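Please read the structure below before turning to the comments.
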Amino acid sequence: MLACVSSATLTGALGQSVSVEVHVSNGLPGFTIVGLPDAAVRESRDRVRAALLSSGLPWPLRRVTVNLAPSGVRKGGAGLDLAVAVGVLVATGQLPPDCTSSLAFCGELGLNGSLRHVPGMIALADATAPLELVVPLCDAREASLVRGDAAHGVSSLAELAQILRARDEWPAIPPAPPGPPAPELPDLADVRGQPFARHALEVAAAGRHHLLMVGPPGSGKTMLAERLPGLLPPLTPEESLTVTRVHSAAGRPLPDGVLVSHPPFRAPHHSASLVALVGGGSWSLRPGEISLATHGVLFLDEMGEFPVAALEALRQPLEEGVIRVSRAGGTVAFPAQFLLAAAMNPCPCGEGVFDGACRCTDADRARYTRRLSAPLLDRFDLVVPLARPEPDDLLADVPGESTAVSAARVAAARGRAAARDGAGAADPPLQTKAAALLAAKLRQGVLTARGLHKVARVARTVADLVGAEQVDEEHISDALCLRTVRDVVTR
Ligand SMILES: [Zn+2]
């Protein structure tokens, strides 16, 4: 007898609907699974068999063939277990054939018949619409984020069989368990001195400008970058769902209440593999650090130490807001829209040319900066020098301005920019003196045409931060200061 049960599998951060066909026939007892299964799917045979027996449901001593359609799509992970088990129950007459027609099933089975968590539940729930979806109880809240009342949770195979047989009510989805309290975001008040770097952080957050900090060890680059997410506004509901979808597909623990509501901060180490950064790896193609940072901050500490391939992989997401990973089965696009913050030492010894204590040869320095390609460096609107804080600043026990005060200015500046965009108004023209200053820099060869455009954009953000209608000379000078060190890095 044949049964056909709906389910879904995860490809990248997207779900793909899968039809699980189970055929039970006379012949030598055996179990075959076809349709491009990966190792975890092939092993479902042992889990499904043990789960049925543990649940008091007989396993057919006949030939069982499972086909996963469409056959051209690779299926990974253990999330198809539940659909295979339900298919066996229907095909052997243990469940009525029509009880599954309006339902889809996603869940991993334990040997004792319990249902276990499956990563990427939001994407899987999307892919099974408009069918009602049955998932492990622990995943039901996540599935209900996108499917509402059409998502149901059960805790075991025996419970599911009972509900389907008797057409019982679905159990209520439990409220989210009280998770750990939200981690305290580090506060800018902890940073002593560094007024220029603080200003750069604020401009970066307000205008979504990518930021590169150049300074010797101990100048507080990491400390400053960690405080950047605190300056960003909370995620919009749409952004929140995108971020949650990616984190769920990567198998990351989701916060209390399930939705990720704060901009993420990801700081991959320079020794991280390319797969860990861009995503991919297994057949199910997991999102990498670059995607996990979407709508948040991607921080590359010691950018000069990252392999060239990793840095080059950043170019596509910086241009398009997505990262594409190609595999034999096709190409998967992950969202990758992030604010890039990077830090580097000015030279291999770290002391740099600012302090004059550098022990590097010119060749050393050239080798160090050569791996940063001009197109990548060009993505940074803000390139700022950092010095070690002054001893007086460190000893004075005066806290710096707090994140809350700075974040309020960022929110106001973003509000001004959004109001302009919303009204469809072009940016107001530069003041005459400001335009003259830019023209002079262009003539002197200090700025390229492309650089000119960037300086004007940063100046617009600076003006928004102070609530100025027009961009004046002072805003342009400020924007020029926020990229002066570029020449030191690229020379
Ligand atoms: Zn040096």
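Restricting attention to segment 187-202, does a residue exist that is basic (K, R), over 30 Å from L480 (Cα atoms) and modelled with pLDDT of 90 or more?
no
Checking D98 against (1) at pLDDT below 90; (2) over 39 Å from the mean Cα position of the chain (by Cα); (3) in a loop (DSSP other than H, G, I, E, B), only one condition comes out false. Which one?
The number of the failed condition is (3).
Considering P255, P264, P268, which residue is under 16 Å from the mean Cα position of the chain (by Cα) and open to solvent by 50 Å² or more (accessible area, probe 1.4 Å)?
Selected residue: P255, the only one of P255, P264, P268 that is under 16 Å from the mean Cα position of the chain (by Cα) and open to solvent by 50 Å² or more (accessible area, probe 1.4 Å).
For every residue, the table says whether it meets (1) touching a Leu at 6+ places or on another chain (Cβ under 7 Å); (2) assigned to a loop (DSSP other than H, G, I, E, B); (3) touching a residue at least 24 places away in the same chain (Cβ under 8 Å); (4) over 22 Å from R371 (Cα atoms).
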| site | (1), (2), (3), (4) |
| --- | --- |
| R198 | yes, no, yes, yes |
| M213 | yes, no, yes, no |
| P233 | no, yes, yes, yes |
| V260 | yes, yes, yes, yes |
| V275 | no, no, no, no |
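So G279 ticks every box in (1) at positive phi; (2) open to solvent by 10 Å² or more (accessible area, probe 1.4 Å) but one. Which box is left unticked?
With respect to (1) at positive phi; (2) open to solvent by 10 Å² or more (accessible area, probe 1.4 Å), G279 is out only on (2).
Can you tell me which residue is modelled with the highest pLDDT among those in segment 385-398 that are assigned to a loop (DSSP other than H, G, I, E, B) and either within 16 Å of the ligand (Cβ to nearest atom) or closer than 18 Å to H209 by Cα (or both)?
Once the filter is applied, the top-ranked residue is L386.
Tell me, which helices (runs of 4 or more DSSP H) lie completely within segment 331-384 with 1 or more residues that are away from the ligand (no atom under 16 Å from the Cβ) and among the aliphatic types (A, V, I, L, M)?
Hits in segment 331-384: 374-377.
For segment 205-240, give me the residue count where each residue is among the β-branched types (V, I, T) and modelled with pLDDT of 90 or more.
Total satisfying the criteria: 2.
With the structure loaded, tell me whether R420 is surrounded by 17 or more Cβ atoms within 10 Å (Cβ to Cβ), modelled with pLDDT of 75 or more and away from the ligand (no atom under 16 Å from the Cβ) or whether it fails that test.
no
From V118, V135, which residue is among the β-branched types (V, I, T), in a loop (DSSP other than H, G, I, E, B) and under 20 Å from P253 (Cα atoms)?
Result of the check over V118, V135: V118.
Yes/no per residue for (1) over 24 Å from L61 (Cα atoms); (2) surrounded by fewer than 18 Cβ atoms within 10 Å (Cβ to Cβ); (3) of a type in the set (S, T, Y); (4) modelled with pLDDT of 90 or more:
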site	(1), (2), (3), (4)
F105	yes, no, no, yes
V154	yes, no, no, yes
I163	yes, yes, no, yes
D168	yes, yes, no, no
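Let's see how each residue does on (1) touching an Asp or Glu at 6+ places or on another chain (Cβ under 8 Å); (2) free of Cβ contacts under 8 Å to residues at least 24 places away in the same chain; (3) open to solvent by less than 60 Å² (accessible area, probe 1.4 Å):
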position: D362; (1), (2), (3): no, yes, no
position: L377; (1), (2), (3): no, no, yes
position: L382; (1), (2), (3): no, no, yes
position: P385; (1), (2), (3): no, no, yes
position: L395; (1), (2), (3): no, yes, no
position: G400; (1), (2), (3): yes, no, yes
position: T403; (1), (2), (3): yes, no, yes
position: G415; (1), (2), (3): no, yes, yes
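Any residue in segment 338-351 that's without any contact (Cβ under 8 Å) to a residue 60 or more places away in the chain: show its pairings with residues that are near the ligand (Cβ under 6 Å from one of its atoms) and not basic (K, R) at Cβ separation under 8 Å, as long as the two are six or more apart or on different chains.
That search, which allows pairs on different chains as well, returns C347/C358; C347/C360; P348/C360; C349/C358; C349/C360.
Please count how many residues of segment 304-330 are within 16 Å of the ligand (Cβ to nearest atom) and either part of a strand (DSSP E or B) or crowded, with 23+ Cβ neighbours inside 10 Å (or both).
The total comes to 0.
Residue by residue through segment 114-140, note down the ones that are open to solvent by 10 Å² or more (accessible area, probe 1.4 Å), acidic (D, E) and either in contact (Cβ under 8 Å) with a residue 60 or more places away in the chain or touching a Cys at 6+ places or on another chain (Cβ under 9 Å) (or both).
D126 - this is the single residue of segment 114-140 that is open to solvent by 10 Å² or more (accessible area, probe 1.4 Å), acidic (D, E) and either in contact (Cβ under 8 Å) with a residue 60 or more places away in the chain or touching a Cys at 6+ places or on another chain (Cβ under 9 Å) (or both).
Does S101 qualify as being among the hydroxyl-bearing types (S, T, Y), without any contact (Cβ under 8 Å) to a residue 24 or more places away in the chain, out of contact with any helix residue (DSSP H, G or I) (no Cβ under 9 Å at 6 or more places or on another chain) and open to solvent by 50 Å² or more (accessible area, probe 1.4 Å)?
Details: among the hydroxyl-bearing types (S, T, Y): yes; without any contact (Cβ under 8 Å) to a residue 24 or more places away in the chain: yes; out of contact with any helix residue (DSSP H, G or I) (no Cβ under 9 Å at 6 or more places or on another chain): yes; open to solvent by 50 Å² or more (accessible area, probe 1.4 Å): yes.
Here the answer is yes, as S101 does meet what is asked.
Of the conditions (1) in a helix (DSSP H, G or I); (2) more than 24 Å from R286 (Cβ to Cβ), L61 clears all except one; give me its number.
The one condition L61 does not meet is (1).
Select, from V73, V41, the only residue that is assigned to a loop (DSSP other than H, G, I, E, B), open to solvent by less than 60 Å² (accessible area, probe 1.4 Å), closer than 30 Å to T331 by Cβ and at pLDDT below 90.
On inspection, the qualifying residue turns out to be V73.
Taking only pairs six or more apart or across chains, which ones have beta-carbon atoms under 7 Å, a first residue in segment 153-174 that is of a type in the set (D, E, K, R), and a second residue that is surrounded by 17 or more Cβ atoms within 10 Å (Cβ to Cβ)?
R165/L95
The values are calculated or read from the model by the stated rules, or taken from the named source; none is laboratory data. Values in this document were obtained by computation on a predicted structure and should not be read as measured data. All Cβ positions, even for glycine, are placed from backbone atoms using ideal geometry, and neighbour counts span all protein chains on display. In case anyone asks, the SASA skips ligands and DNA or RNA and just uses the protein heavy atoms, side chains included. Shrake-Rupley method; radii C 1.70, N 1.55, O 1.52, S 1.80 Å.
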